[in-house]
């Protein structure tokens, strides 16, 4: 029989935190003593859904108010503004709007409507850029290429060739006439012009550059073949 020596007690170790965690008593039974508050969860989800519904209703009503304000600001539609109105598509389709069209398509529709509504001549819609470009392009064709006028003899030659011929042959010199100048008179001096005839717009320069790039690309592509 083993007996402990009272003079030499056996040391004891304190219980670890893991042992204390597994201790089961009335305060720590080892499981949840309360159930999930199902009612609180349902109330929270219901409130969240109600907030979402109220938010979308608010946005819908706000959109209606804004659209109504725009319609009142634009005034009543007439024969000039009916097709250009932002609500014309919805009015024609029973309250449903048309699909959004591209900018080019909208410009073509507006141009077609303007052409049928207003007689010629009309004001330029592009600040005259296209008209100026077409005018200068016609002038370039006459100045830089050979051409012939129907019903007239002779052929027009390019202006560069005409300048070369004049430089080779020279201009006819009129006989000098001796004139007596007054004291305050001065002989005018003719200077060469600073431009080639007309100043090109930025739109023309961009169009000419784009055309040259296309021509260079086509030339390089044909050389590769």
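Since every read-out is calculated from the coordinates, none of them should be taken as a lab result. All values derive from a computational prediction rather than experimental measurement. Don't worry about glycine lacking a Cβ; one is built from the backbone with ideal geometry, like all the others, and counts go over all protein chains shown.
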> What FRET efficiency comes out for the pair residue 107/residue 160, r = Cβ-Cβ distance, R0 = 45 Å, nearest 0.05?
Replying inline: 0.70
> What full-extension length gain, to one decimal in nm, is calculated for residue 153 and residue 66 as 0.36 nm per residue of separation minus the Cα-Cα distance?
Replying inline: 24.2 nm
>> For the ranges 24-31, 172-179, what's the packing order if you count other beta-carbon atoms within 10 Å of each residue, average per peptide, and put the highest first?
In response: 24-31, 172-179
> For labels at residue 123 and residue 42 in the simple 7 Å Cα→Cβ model, what's the distance in nm?
Replying inline: 6.9 nm
> Rounded to the nearest 0.05, what FRET efficiency is calculated for residue 219 and residue 143 with R0 set to 30 Å and r the Cβ-Cβ distance?
Replying inline: 0.80
